[in-house]
Amino acid sequence: MSTVKMHLLVCGGTGCVSSYSPQVAESLIKELEAHGLQDECKVVKTGCFGFCEQGPIVKVIPDNTFYTKVAPEDAKEIIEEHIIKGRKVDRLLYTDPKKQEHVPDSKHMEFYKKQIRIALRNCGFIDPENIEEAIARDAYSALGKCLTELTPQEVIDIIKKSGLRGRGGGGFPTGIKWEIAAKNASDQKYVVCNADEGDPGAFMDRSVLEGDPHSVLEAMAICGYCIGANKGLIYIRAEYPLAIKRLKIAIKQAMEYGVLGDDIFGTGFSFHIELRYGAGAFVCGEETALIHSMEGQRGEPTVKPPFPAEAGYLGKPTNVNNVETFANVPPIILKGAEWFSSIGTERSKGTKVFALAGKINNVGLIEVPMGITLREVIFEIGGGIKNGKKFKAVQTGGPSGGCLTETHLDTPIDFDNLLAAGSMMGSGGMIVMDEDDCMVSIAKFFLEFTVEESCGKCSPCRIGNKRLYEILDKITQGKGTMEDLELLRNLSEVIKDTSLCGLGQSSPNPVLSTLTNFWDEYVEHVTEKKCRAGQCTALKKYIIDEEACVGCTACARACPVNAISGERKMPHNINQDICIKCGACYEKCKFNAIFIK
Amino acid sequence: MNKIKNLDDLRKMKQDLQNKIKLRERGDSPEAIVQIKVGMATSGIASGAKEVMNYLIEELEKRNIDAVVTQVGDMGYCYAEPTIEVTLPGKEPVVFGYVNIAKADEIIEKYIKNGELVEGILPANYQSID
């Protein structure tokens, strides 16, 4: 065995590196060598601790001491006091902001309680292709409890009391949804799981299905028991081959083990689950369109009422819930409604899974209690903005959501607050943008998506969104007028009010929220023909700084349209009328003599 | 495998399985098995988790190390895929990020054989419910 007894973990995340963690590591190593301890104690660089604000971080293993804001000069004290004499260096310990006390080790830090995994409880923990590991982690115990100890109404009451709301975006109370479906009498009912995750950049549902398929199967059976259905259907997009494969394995194993199928646990209750594949149309995430697609018809929404709970799949009462909603059900049954409702805010209970994407350091999947602030999510868990850039906005709710700005950073995240701020929870995609992102282009990007995905059934959505897109495109080309901005707003309102389904009713959100929060940027595009982020190619101007240009001719030779002229060893000049703004000259120039205006 | 006929069957089965897993995790078993979990969700596989998993299984076999390599779902560290979690007998689990074949080799040689930590550790920053 090796002689290494202790480890010093030094954070190597971007945040800590910029506050000199490599130098800290270096001086720690030097100090260890000076004391001849290099064989007993090793310095190791790690990934981000998600604690960038307090960086650089040094953690000592095995005693889990957590030092913050460590400077290279502190190395000597850490080694001599802590490593040699076994006395922790008090002044470097993390101070609990609430109690104003030093926290000796990471296990006692509030910060690490920021993420609570309920829906993701088994993701990354069990082998998703082995039902035994799931059973060891309580899978199907909740179903057993429901079938043997509780009446359907009692189960519904637990769900109602827990305050669980639909995680697919709308936030409708799950218990009430179940109750309505339960009350509609019919010879046949259906439980449908909506796994048609279509928001760009969102992958929460996929991760749940890939990591813990049994929790969804179990919850569907519980729902079936509550509403009186014995058939479940999972509508999943065909672009998720791995999730489909794991679901198939899970269903097969559950049938073999008798936790799905006929006469489950000898109670006489039967439940069968089948898969239905979607072809990847965004609108099929809308429940009526989803049901039509499953019936083999065109994936188009229809007017509600009738709601699926009255007449859904094949005209029978149908309960549709999203993957994450289902994944929350078994823990609620096992741990009780009070436990669940103790987490979260007044009107939004429990946790929410978010997929962090965009200009953020820790791109990934997180699960946080409702009520956490955007600041905590982005700067603490997400590790802040990439390359030390400035935060500009965060887009939540995908193409149906809106952009929130710095002023919203301290708003607690829940269904109602996000709506009030002009965005929405949506399914949980979070795209972070920095100063290099142009908000007009972002709105245009989402509109492009909606135009592509609009099913075309109702005219406000089909025609209106297309017009919105065209106006936005005009603005990014530098041809917009102030009237266009007014038109954008009016048209958006009309589309919102008159569209048939959720897709059209929410598609102008990215436009409206950027108009509200980034009005200046729109005006700049229109009046000054300027894009401050430098994203709108048509508005860019490449200019040669005559002072800095040495006349090397590299740019002129790189220019594909011969827009650059000038004598050798003399300052060059770009003819703006010919320039196509490709940026080739900018890339080529070794003297930083070309700048973008 | 017996079919689960009633809730008691399930409970008993859970108990048995739990014990089995606990033994593995705590390393109380005489064999002292090393347990490795490989994050095999779409993001992991896309960045090469499958190759790493195969490599780990083959190499641990070759180097005569008693270990269980299991695939699991998404651990959430999508920026640092492939990720693996290694639990040595009697120790806390450690997660490593950006694990390629070379890293996997280093992990086997240094951490698994000698208990010496290597670079690329991802500090866990969440708590999970039981």
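The values are calculated or read from the model by the stated rules, or taken from the named source; none is laboratory data. Remember, it's a predicted structure, so these values are computed and weren't measured experimentally. Cβ coordinates were reconstructed from backbone atoms using ideal geometry, including for glycine residues, and neighbour counts include every protein chain displayed.
As a summary of the residue check, A:Leu468 satisfies the conditions (1) in contact with a Pro (Cβ under 7 Å, 6 or more places away or on another chain); (2) crowded, with 20+ Cβ neighbours inside 10 Å; (3) not in a helix (DSSP H, G or I) except for the one numbered (3).
Restricting region A:1-37 to residues that are assigned to a loop (DSSP other than H, G, I, E, B) and either touching a Phe, Trp or Tyr at 6+ places or on another chain (Cβ under 7 Å) or within 12 Å of chain B (Cβ to nearest Cβ) (or both), the residue that is surrounded by the most Cβ atoms within 10 Å (Cβ to Cβ) is A:Gly13.
Which helices (runs of 4 or more DSSP H) does region A:149-235 wholly contain that include 2 or more residues that are among the polar types (S, T, N, Q)? Break it down stepwise before answering.
On the way: elements: A:152-162, A:174-183, A:204-211, A:213-227.
Filter on region A:149-235 gives A:152-162.
Results for (1) touching a residue at least 40 places away in the same chain (Cβ under 8 Å); (2) out of contact with any Leu (no Cβ under 6 Å at 6 or more places or on another chain); (3) closer than 25 Å to A:Gly198 by Cβ, shown as yes or no for each residue.
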| position | (1), (2), (3) |
| --- | --- |
| A:Tyr277 | yes, yes, yes |
| A:Cys284 | yes, no, yes |
| A:Met294 | yes, yes, yes |
| A:Lys304 | no, yes, yes |
| A:Thr318 | yes, yes, yes |
| A:Glu324 | yes, yes, yes |
| A:Thr345 | yes, yes, no |
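Selection of helices (runs of 4 or more DSSP H) fully inside region B:25-116 by the criterion of at least 3 residues being within 12 Å of another protein chain (Cβ to nearest Cβ) returns B:42-46, B:49-62.
Mind checking whether some residue in region A:87-94 is within 14 Å of chain B (Cβ to nearest Cβ) and modelled with pLDDT of 85 or more? No, because not a single residue in region A:87-94 is within 14 Å of chain B (Cβ to nearest Cβ) and modelled with pLDDT of 85 or more.
I'd like the residue in region A:198-232 that is closer than 30 Å to A:Glu154 by Cβ and under 13 Å from the mean Cα position of the chain (by Cα) and, out of all such residues, is farthest from the other protein chains (Cβ to nearest Cβ). Among those residues, the one meeting the criterion is A:Asp205.
Select, from A:Lys349, A:Lys389, A:Lys359, A:Lys316, the only residue that is more than 14 Å from chain B (Cβ to nearest Cβ) and surrounded by 20 or more Cβ atoms within 10 Å (Cβ to Cβ). Steps first, please.
On the way: A:Lys389 fails: surrounded by 20 or more Cβ atoms within 10 Å (Cβ to Cβ); A:Lys359 fails: more than 14 Å from chain B (Cβ to nearest Cβ); A:Lys316 fails: surrounded by 20 or more Cβ atoms within 10 Å (Cβ to Cβ).
The conditions single out A:Lys349.
Select from region A:538-590 the residues that are surrounded by 15 or more Cβ atoms within 10 Å (Cβ to Cβ) and among the polar types (S, T, N, Q) and write down the one among them that is farthest from A:Met433 (Cα to Cα). Selected residue: A:Thr553. Here is the figure for region A:69-96: residues that are in contact (Cβ under 8 Å) with a residue 12 or more places away in the chain and in a loop (DSSP other than H, G, I, E, B) total 6.
Given the criteria in a helix (DSSP H, G or I) and of a type outside the set (Phe, Trp, Tyr), does A:Lys479 qualify? Spell out the reasoning first.
Working: in a helix (DSSP H, G or I): no; of a type outside the set (Phe, Trp, Tyr): yes.
It is false that A:Lys479 is in a helix (DSSP H, G or I) and of a type outside the set (Phe, Trp, Tyr).
At pLDDT 90 or above and under 30 Å from A:Gly364 (Cβ atoms): which single residue out of A:Ala75, A:Ala71 fits that description? Steps first, please.
Working: A:Ala75 fails: under 30 Å from A:Gly364 (Cβ atoms).
Answer to the check: A:Ala71.
Scan region A:303-319 residue by residue and report those that are assigned to a loop (DSSP other than H, G, I, E, B) and touching a helix residue (DSSP H, G or I) at 6+ places or on another chain (Cβ under 6 Å). Spell out the reasoning first.
First, pick out the residues of region A:303-319 that are assigned to a loop (DSSP other than H, G, I, E, B): A:303-312, A:316-317.
Within region A:303-319, A:Pro308, A:Ala309, A:Gly312, A:Pro317 qualify.
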